Amino acid sequence: MSEEDEQREREQLAHAADAGIHRLAIPTPFQVGRVNAYLIEDSPLTLVDSGPNSAKALDELEQMLATLGRKVEDIELLVITHQHIDHFGLASILARRSGAEVAALDALVPFLAGYGQQSDFDDAFAQNLMLRHGIPADVVAALRAVSASFRGWGASVEVTRPLAPDSELQLRDHTLRVLHRPGHSPSDTVFHDESRSILLSADHLIAHISSNPLLARPLGTEPDYSGPRPKALLTYMASLEQTRAMELSLVLPGHGAPISEHAALIDKRFRMHRRRADKIHRLITEQPRSAHEIAQALWGNVAVTQAFLTLSEVLGHVDLLLQDGRASEAELDGVVRFSSN
Ligand SMILES: [Zn+2]
């Protein structure tokens, strides 16, 4: 990071701190690096996201709280932004120790309560999707083992305060509008402090990386969900459009530095997605390909752990082409192939 960027980040964090919102960057074992929790100095004392379920995350969180003159036991309200374990894994431990209320989007409540079983359902969903889109069976099996090994960084947690979309989460000095912005995950929730024009965006908008719209089983569906393939990127872009239209002075994301120019960043993301869709359009103009074959043509043989991520990436952009009538899909022997129109 350049000195100029560092200076800007310090100013943005000072702006947030003036608004009573403090960033706590908690370590994770994942490639994404640290996850941002935010302590809101208010009544109730509120923590937005918890970090993963690990001793290291808890230890560092305690140290960061201490620098603000606080401890875990002081937390009165814990807010969860979405269903990824780097954001909620530690929530049950924090809630038990502090007695804090736990708030999350109403549609996310059953997932958080039944985390272990819900993850099994998600794995089954991902497995079917990967096989259907041409990923070899041995890679699918290996990924399932990887997913199982990550399971322990999450833990189920009981939500005591379900939040309806568009409702208000009222603290003494902060009023946070609860906005559902699905796409990166089905449960992405952002919190808008309208009077200060600050948005807590979690993974909906991140400055240094494009938030992957991951394919996920729709919330609240049956374990053996076999309905239409969720169109995560289209959903995500529609959510970004809504955020783009907002007047915001500062966006506080779930990873990395704050964002001041959110509309310009969103425009940049839109351009990138259009470019990727065009590139994939060229590949399927050469010959019909499965999503896995498209991923291989774009990135070669990616690491097993990246197979689902790249599949989500390819299918998202194929959905853009399908929506625009530039591609068609046909299934042969259980594998879907895409061709250009
Ligand atoms: Zn996430």
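What are the residue pairs meeting all of these: first residue in the stretch 209-224, first residue open to solvent by 40 Å² or more (accessible area, probe 1.4 Å), second residue among the acidic types (Asp, Glu), Cβ atoms under 8 Å, and 6 or more apart or on different chains?
Qualifying pairs under 8 Å: 212/313; 223/120.
When you go through (1) outside any helix (DSSP H, G or I); (2) surrounded by 16 or more Cβ atoms within 10 Å (Cβ to Cβ) one by one for residue 320, which number turns out not to apply?
(1)
Enumerate the helices (runs of 4 or more DSSP H) found wholly within the stretch 73-113, keeping only those where 1 or more residues are away from the ligand (no atom under 14 Å from the Cβ).
91-98, 109-113
Could you tell me which of the residues 196, 97 is in contact with a His (Cβ under 9 Å, 6 or more places away or on another chain), over 23 Å from residue 218 (Cβ atoms) and among the basic types (Lys, Arg)? If you could, list the steps in order and put the result at the bottom.
Working: 97 fails: in contact with a His (Cβ under 9 Å, 6 or more places away or on another chain).
Residue meeting the stated conditions: 196.
Is the stretch 284-300 home to any residue that is buried (at least 16 other Cβ atoms within 10 Å of the Cβ), assigned to a helix (DSSP H, G or I), touching a strand residue (DSSP E or B) at 6+ places or on another chain (Cβ under 6 Å) and in contact (Cβ under 8 Å) with a residue 40 or more places away in the chain?
yes
Answer yes or no as to whether residue 243 is part of a helix (DSSP H, G or I), touching a strand residue (DSSP E or B) at 6+ places or on another chain (Cβ under 9 Å) and farther than 27 Å from residue 331 by Cβ.
Against the criterion (part of a helix (DSSP H, G or I), touching a strand residue (DSSP E or B) at 6+ places or on another chain (Cβ under 9 Å) and farther than 27 Å from residue 331 by Cβ), residue 243 qualifies.
Which of the following residues is touching a strand residue (DSSP E or B) at 6+ places or on another chain (Cβ under 9 Å), modelled with pLDDT of 95 or more and open to solvent by less than 50 Å² (accessible area, probe 1.4 Å): 68, 112? Don't jump to the end; show me each part of the working.
On the way: 68 fails: open to solvent by less than 50 Å² (accessible area, probe 1.4 Å).
Answer to the selection: 112.
So which of 169, 199 ends up being farther than 24 Å from residue 296 by Cα, out of contact with any Asp or Glu (no Cβ under 8 Å at 6 or more places or on another chain) and not aromatic (Phe, Trp, Tyr)?
So the residue among 169, 199 that is farther than 24 Å from residue 296 by Cα, out of contact with any Asp or Glu (no Cβ under 8 Å at 6 or more places or on another chain) and not aromatic (Phe, Trp, Tyr) is 169.
Give 307, 257, 277 a once-over and let me know the one that is part of a helix (DSSP H, G or I), at pLDDT 95 or above and of a type in the set (A, V, I, L, M, F, W, C).
Details: 307 fails: at pLDDT 95 or above; 257 fails: part of a helix (DSSP H, G or I).
It is 277.
Under the condition of being of a type in the set (Ser, Thr, Tyr) and in contact (Cβ under 8 Å) with a residue 24 or more places away in the chain, which residue from the stretch 119-172 is most open to solvent (accessible area, probe 1.4 Å)? Break it down into steps so the answer makes sense when it comes.
Going residue by residue through the stretch 119-172, those that are of a type in the set (Ser, Thr, Tyr) are 119, 147, 149, 156, 160, 167.
From the residues that got through so far, the ones that are in contact (Cβ under 8 Å) with a residue 24 or more places away in the chain too are 119, 147, 156, 160.
On the way: 119: 13, 147: 34, 156: 59, 160: 79 Å².
Filtering first and then ranking leaves 160.
Go through the stretch 185-208 and count every residue that is open to solvent by 20 Å² or more (accessible area, probe 1.4 Å) and within 13 Å of the ligand (Cβ to nearest atom).
So the count comes out to 1.
Here is a check on your reading of the model: is residue 238 open to solvent by 60 Å² or more (accessible area, probe 1.4 Å), away from the ligand (no atom under 16 Å from the Cβ) and out of contact with any Leu (no Cβ under 9 Å at 6 or more places or on another chain)?
Here the answer is no, as residue 238 does not meet what is asked.
Inside the stretch 10-54, can you point out the residues that are part of a helix (DSSP H, G or I), open to solvent by 30 Å² or more (accessible area, probe 1.4 Å) and under 23 Å from residue 103 (Cα atoms)? Give the derivation first.
Narrowing the stretch 10-54 to residues part of a helix (DSSP H, G or I): 10-18.
Now drop any that are not open to solvent by 30 Å² or more (accessible area, probe 1.4 Å), which leaves 10-11, 13-15, 17-18.
Hit for the stretch 10-54 is 17, nothing else.
The values are calculated or read from the model by the stated rules, or taken from the named source; none is laboratory data. A quick note: this is a predicted structure, and the numbers were derived from the prediction, not measured. Positions of Cβ are backbone-derived with ideal geometry, glycine not excepted, and every protein chain shown enters the neighbour counts. Surface accessibility is based on the protein's heavy atoms, side chains included, excluding ligands, DNA and RNA. Shrake-Rupley method; radii C 1.70, N 1.55, O 1.52, S 1.80 Å.
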